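Computed from the coordinates by the stated procedures, all read-outs in this text should not be read as laboratory data. Every value quoted in this text rests on a predicted model; they were computed, and no experiment measured them. In this analysis, Cβ positions are derived from the backbone assuming ideal geometry, glycine residues included, and neighbour counts consider all displayed protein chains.
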Amino acid sequence: MQDTPMNKSELIDAIAQHANLTKADAGRALEGLTKTIETTLKAGDSITLVGFGTFEVKERAERQGRNPQSGAAITIAAAKVPSFKAGKNLKDTVNS
């Protein structure tokens, strides 16, 4: 297990190695994937990769919170938040 998270350039290197691509091609593929996820979620749709997981947008309701410095009550606005739910194969892989 790594002590530090994998950064983008390390991920591109890993993709290039696993898919037998050049680093440039792997970088473009990763960029294409992330842009596609962003635009799909922005449109309100979800992406399901069977066995891997589902990317979707969830609605977070308005709620009350506290200012940590003053302790005063504040209202936190409603928001749309991106969400990822891991699929069975990914969960099994992580837990094996």
- Message: For GLY53, what residues show an amide H to amide H distance below 5 Å, using hydrogens built from the backbone and excluding near sequence neighbours?
- Response: GLY87
- Computed over segment 46-96, the relative contact order (Cα-Cα under 8 Å, seq sep at least six) in percent reads 41
- Item | Sparse-neighbour loop sites [GluC sites (Glu not before Pro); the chain; at most 13 other C-beta within 10 Å; DSSP] | GLU62
- Divide the volume of the convex hull of the Cα atoms of segment 10-61 by its number of residues and quote the answer in cubic angstrom per residue. 96
- Task: Taking the Cα centre of the chain as origin, work out the dipole magnitude from +1 charges on Lys and Arg Cβ and -1 charges on Asp and Glu Cβ, in debye rounded to 20.
- Result: 320
- Message: Taking 8 Å as the Cα distance limit and 6 or more residues as the minimum spacing, I'd like the relative contact order of the chain as a percentage.
- Response: 20
- Item | Eligible lysines near LYS85 by straight Cα distance, threshold 22 Å, same-chain separation 8 or greater | LYS8, LYS35, LYS42, LYS58
- Query: For the Cα atoms of the chain, what angle does the longest principal axis make with the long axis of helix 23-42, in degrees from 0 to 90, nearest 10?
  - Reply: 30
- Message: Just to verify a number: FRET efficiency for VAL50 and THR4, C-beta to C-beta distance, R0 = 25 Å, to 0.05?
- Response: 0.20
- Message: As I understand it, the dipole of segment 1-45 uses +1 on the Cβ of Lys and Arg and -1 on the Cβ of Asp and Glu, about the Cα centre. Which of LEU30, THR40, THR4 lies farthest toward its positive end?
- Response: THR40
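When the chain is fully extended, how far beyond the present Cα-Cα distance does GLU59 get from LEU21, taking 0.36 nm per residue of separation?
Length gained between GLU59 and LEU21: 9.9 nm.
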- Relative frequency of Cα-Cα separations exceeding 16 Å in segment 25-96, percent: 66
